[in-house]
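Here's the structure, in structure tokens; my notes come after.
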Amino acid sequence: MEATASSCVLPNLNPPGLTLGNPNHRSSLQCDQTRTLKSTSCRSSQGCGQAYLVSCSNSTDKQSGIISGSYHCGPVQKRNPSGQTFCSLGALTYPGTGSAIESPSHATEERVGVLLLNLGGPETLHDVQPFLFNLFADPDIIRLPRVFRFLQRPLAQLISVLRAPKSKEGYAAIGGGSPLRKITDDQAIALRNALEAKEMPVNVYVAMRYWHPFTEDTVQQIKRDRITKLVVLPLYPQFSISTTGSSIRVLQNIFREDAYLSRMPVSIIQSWYQREGYIKSMADLIEKELESFSMPEEVMIFFSAHGVPVSYVEDAGDPYRDQMEECIHLIMQELKSRYINNDHTLAYQSRVGPVQWLKPYTDEVLVELGQKGVKSLLAVPVSFVSEHIETLEEIDMEYKHLALESGIENWGRVPALGCTTSFITDLADAVIEVLPSATAMTTSSTNSEESDYDPVGYAIKMFFGSILAFVLLLSPQMIMAFRNHVL
Ligand SMILES: C=CC1=C(C)c2cc3[nH]c(cc4nc(cc5[nH]c(cc1n2)c(C)c5CCC(=O)O)C(CCC(=O)O)=C4C)c(C)c3C=C
Ligand SMILES: [Fe+2]
């Protein structure tokens with residue numbers, strides 16, 4: 001199955017209601033253009049991270065991954081299946097930094113980059129609160145009406161401080177930090193190798209949304225390396241406004257403000273949950289894990305997806321729930337084709353704050369299943385392809401404990417895909433498929449809300465809104481909602 005790619009006519013958003021149609025149809029995708037993110041700025045008080053590159057040279061270790069100055073690639077130029085020229089290992093010399101920025105359209109050789117987008121995670125306990133600040137300061141995570149946007153950062157500060165103790169406990173329980181950076185770097189290396197094996201040498205970059213290496217820094221590296229064509233590959237199988245949508249919006253803001261980048265042909269793979277390689281790889285993991293139970297056919301396959309607030313799906317048109325359900329259906333079909341006919345269910349985990357999230361909730365379903373007499377359960381994390389705090393702590397510790405307490409006797413968990421060969425090979429195919437459709441990013445700057453601007457109405461809303469927001473936010477219920485998972 002083909003990857004769904006948009007050739008980068010990026011979302012034109014009309015806040016406050018971020019309307020997202022099917023992201024596979026780029027004309028229906030709308031986003032918010034009101035944020036101003038400077039491409040070179042550091043966020044939070046933690047200083048700039050360094051962009052990390054898995055290069056198309058032989059230097060793949062992390063220390064040498066940071067490129068500065070001239071950069072040499074191999075002796076031969078190769079053509080990909082669509083006739084484009086690439087550097088192969090060794091010979092092509094990438095001009096060093098500091099020279100005039102050349103427009104990609106005038107460049108003589110093709111230098112292809114693949115940009116992996118991911119969430120990022122705190123590397124130490126000290127990073128937890130600033131990481132949470134970056135997360136909650138994202139208007140795609142806390143979606144305030146436009147008129148209250150000025151409250152975004154103060155709210156983020158408050159919520160991150162309230163939430164930090166609980167998050168720190170979680171990160172402490174999994175070794176003191178998130179494994180996400182290391183796993184994503186490993187996936188980048190594996191993808192680079194898989195593409196090279198398919199005669200397509202590329203540079204693979206990692207850009208995180210909330211922690212190092214920040215998207216802004218990685219994009220600067222891409223520019224320094226004079227990449228001429230880019231495939232953007234979010235490491236989220238399903239599209240959500242809060243994940244892929246948010247990362248793409250940051251990219252859009254950076255690219256729009258830069259002459260070189262705005263002319264670079266880019267292809268974005270918005271979701272890939274329906275790809276055969278991914279579905280088969282997930283089915284392989286489930287099949288293997290089922291074999292560890294004494295009576296595999298009696299095991300309930302329990303898909304647990306990261307939740308999003310209901311309003312994302314029902315008001316903002318986030319396709320996340322539909323894509324998740326279709327994804328589960330495809331995995332189950334694949335299992336059926338292998339004569340695996342187990343019962344299955346889907347629930348949503350990791351809710352934060354005082355609003356309604358997608359239901360059913362994982363913790364509630366686990367208790368119900370235990371009460372109904374289910375004895376064996378296999379948990380399958382399905383919204384993310386790396387181990388992270390919500391697999392290692394929430395599922396493996398909290399939910400396992402809850403399930404065993406509720407009467408479930410045999411517990412298993414499918415590992416995240418990580419660097420599974422069949423999965424990475426399929427991602428490489430996805431990159432190859434979308435490369436020919438890369439086109440320069442174009443955005444419209446028209447914003448109807450801005451043209452309807454009414455200063456008096458705005459001041460009134462801002463005055464009463466601020467009072468209301470602070471009263472609500474400082475209520476004990478609200479504080480509890482952010483400290484714990486639920487009200
Ligand atoms: C598809 C995956 C994810 C969606 C959708 C998503 C939405 C979402 N998340 C929060 C709040 C938090 N997320 C946190 C960590 C976290 N989230 C994801 C993935 C999705 N989030 C991952 C992979 C991680 C873990 C990163 C790591 O360090 O390993 C956290 C921090 C941890 C905690 O305190 O629980 C918060 C907070 C919201 C509000 C949201 C949708 C609006
Ligand atoms: Fe999350």
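The values are calculated or read from the model by the stated rules, or taken from the named source; none is laboratory data. Just so it is clear, the structure is predicted and the values come from calculations on it, not from any experiment. Cβ placement follows ideal geometry from the backbone for every residue including glycine, while neighbour counts extend to all protein chains displayed. We work out accessible area using only protein heavy atoms, side chains counted, and drop any ligands, DNA or RNA first. Shrake-Rupley method; radii C 1.70, N 1.55, O 1.52, S 1.80 Å.
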Exactly one of Val365, Val374 is touching a residue at least 24 places away in the same chain (Cβ under 8 Å), away from ligand 1 (no atom under 13 Å from the Cβ) and closer than 14 Å to Phe303 by Cβ, and that residue is Val365
Check on Ala188, in contact (Cβ under 8 Å) with a residue 12 or more places away in the chain, aliphatic (A, V, I, L, M), closer than 19 Å to Thr243 by Cβ and within 16 Å of ligand 2 (Cβ to nearest atom)
no
Filter the stretch 346-367 for residues that are at pLDDT 95 or above and buried (at least 18 other Cβ atoms within 10 Å of the Cβ) and give the result.
Leu346, Ala347, Tyr348, Gln349, Trp357, Leu358, Tyr361, Thr362, Asp363, Val365, Leu366
Could you list, in sequence order, all residues of the stretch 318-344 that are crowded, with 17+ Cβ neighbours inside 10 Å, more than 18 Å from the chain's Cα centre (by Cα) and not aliphatic (A, V, I, L, M)?
Glu334, Asn342, His344
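What number of residues in the stretch 368-395 are surrounded by fewer than 18 Cβ atoms within 10 Å (Cβ to Cβ) and either touching a His at 6+ places or on another chain (Cβ under 6 Å) or part of a helix (DSSP H, G or I) (or both)? Talk me through it step by step, then tell me what you get.
We begin by selecting, within the stretch 368-395, every residue surrounded by fewer than 18 Cβ atoms within 10 Å (Cβ to Cβ); these are 368, 371-373, 375.
Next, from what is left, pick out any that are either touching a His at 6+ places or on another chain (Cβ under 6 Å) or part of a helix (DSSP H, G or I) (or both): 368, 371-372.
Adding up the residues that qualify gives 3.
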Consider the stretch 244-270. How many of its residues are open to solvent by 10 Å² or more (accessible area, probe 1.4 Å), within 24 Å of Ile432 (Cβ to Cβ) and part of a helix (DSSP H, G or I)?
1
All positions within the stretch 292-317 that are within 16 Å of ligand 2 (Cβ to nearest atom), open to solvent by 10 Å² or more (accessible area, probe 1.4 Å) and either of a type in the set (A, V, I, L, M) or over 21 Å from Phe136 (Cα atoms) (or both):
Val310, Val313
Hits in the stretch 140-154 - residues which are open to solvent by 10 Å² or more (accessible area, probe 1.4 Å) and within 12 Å of ligand 1 (Cβ to nearest atom):
Ile141, Ile142, Arg143
Being in a loop (DSSP other than H, G, I, E, B) and out of contact with any Pro (no Cβ under 7 Å at 6 or more places or on another chain) narrows Tyr339, Tyr273 down to just Tyr339
Among the residues of the stretch 274-291, are any open to solvent by 10 Å² or more (accessible area, probe 1.4 Å), at pLDDT 95 or above and among the hydroxyl-bearing types (Ser, Thr, Tyr)?
no
Check Gln238 against each of (1) open to solvent by less than 10 Å² (accessible area, probe 1.4 Å); (2) of a type in the set (S, T, N, Q); (3) away from ligand 1 (no atom under 16 Å from the Cβ) and name the one condition it does not meet.
(3)
Those residues that are more than 17 Å from Asn342 (Cα to Cα) and among the charged types (D, E, K, R), I need them from the stretch 268-290; list them, please.
Arg275, Glu276
Please work out if Met324 is part of a helix (DSSP H, G or I), within 16 Å of ligand 2 (Cβ to nearest atom), modelled with pLDDT of 95 or more and in contact with a strand residue (DSSP E or B) (Cβ under 7 Å, 6 or more places away or on another chain).
yes
Considering each residue of the stretch 403-422, count those that are farther than 24 Å from Gln238 by Cα, open to solvent by 40 Å² or more (accessible area, probe 1.4 Å) and not charged (D, E, K, R), and give that number.
3
Select the helices (runs of 4 or more DSSP H) contained entirely in the stretch 144-228, then report the ones holding at least 2 residues which are more than 18 Å from Thr420 (Cα to Cα) and under 21 Å from the mean Cα position of the chain (by Cα).
152-173, 215-224
(1) within 17 Å of the chain's Cα centre (by Cα); (2) more than 16 Å from ligand 1 (Cβ to nearest atom); (3) assigned to a loop (DSSP other than H, G, I, E, B); (4) not aromatic (Phe, Trp, Tyr): which one isn't true of Ser292, the others all being true?
(1)
State which residue pairs qualify: first residue of a type in the set (A, V, I, L, M) and inside the stretch 169-180, second residue open to solvent by 20 Å² or more (accessible area, probe 1.4 Å) in any location, beta carbons under 7 Å apart, and separation of 6 or more residues or different chains.
Ala172/Leu125; Ala173/Glu393; Ala173/Met397; Ile174/Ile389; Ile174/Leu392; Ile174/Glu393; Leu180/Leu119; Leu180/His388
